[in-house]
Amino acid sequence: LALTNAMLCHNQSDWFRYDPVAGEWHAYGSVSTASRTLRRRYFLVEKAKDANIVGIVVGTLTIAGYLEALGALRRVLAKAGKKSYTFVMGRITPEKLANYPEVEVFVLISCPQLALLDSRDFYAPVITPYEAVLAFVPNKEWTGEYNIGFGALLGLGSEESEEENGGGD
């Protein structure tokens, strides 16, 4: 999972693995492997744009910055006119999230290594905070860059504060 996260974040790079027995380098995955995953994630972002009810799932309470990310995400959703519910769960499973059928998309706030779930088994899509910013912030477009942390949300919070206070200059 950590390798997948790294490949997504550095999706323009070629990846290799080293075979110490043979003493050779081999291509590992490819840009097409990463781009297939990115296309799937982009599809989830587009699907999230249509959601009216969003579940914010806090997957851990020990990661630094989760409260700030939660607050920033709530502000983004309120500004976008979305209704949101917040859930705190240890381990995220399709069965647990299926108990909330009114929720159309879930945003998972957790450590970056666990944030990327393959949500095919889930009743509703599960996206990352970065994908939530792409889905719910107007005029925010995906540039090919991918982020698995809270950076997009936390940076957004400071931009909104500057706007509310009359700009940063």
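The values are calculated or read from the model by the stated rules, or taken from the named source; none is laboratory data. All values reported here derive from a predicted model rather than from experimental measurement. Here the Cβ positions follow ideal geometry from the backbone for every residue, glycine too, while neighbour counts run over all protein chains shown. The accessibility values were calculated without ligands, DNA or RNA, using every heavy atom of the protein model including side chains. Shrake-Rupley method; radii C 1.70, N 1.55, O 1.52, S 1.80 Å.
Among the residues examined, K96 qualifies as more than 23 Å from W142 (Cβ to Cβ) and in a helix (DSSP H, G or I).
One residue is enough: does the range 102-114 have a residue meeting the conditions modelled with pLDDT of 90 or more and open to solvent by 60 Å² or more (accessible area, probe 1.4 Å)? Looking through the range 102-114, at least one residue is modelled with pLDDT of 90 or more and open to solvent by 60 Å² or more (accessible area, probe 1.4 Å). Number of residues in the range 1-23 that are of a type in the set (V, I, T) and either at positive phi or at pLDDT below 85 (or both): the value is 1. Return yes when K47 is crowded, with 18+ Cβ neighbours inside 10 Å and of a type outside the set (A, V, I, L, M) and no when it is not. It is false that K47 is crowded, with 18+ Cβ neighbours inside 10 Å and of a type outside the set (A, V, I, L, M). Looking across the range 52-79, the residues that are without any contact (Cβ under 8 Å) to a residue 40 or more places away in the chain and either on the phi > 0 side of the Ramachandran plot or not in a helix (DSSP H, G or I) (or both) come down to L61, T62, A64. Of all residues assigned to the range 24-38, at least one qualifies as being assigned to a helix (DSSP H, G or I), modelled with pLDDT of 75 or more and touching a helix residue (DSSP H, G or I) at 6+ places or on another chain (Cβ under 9 Å).
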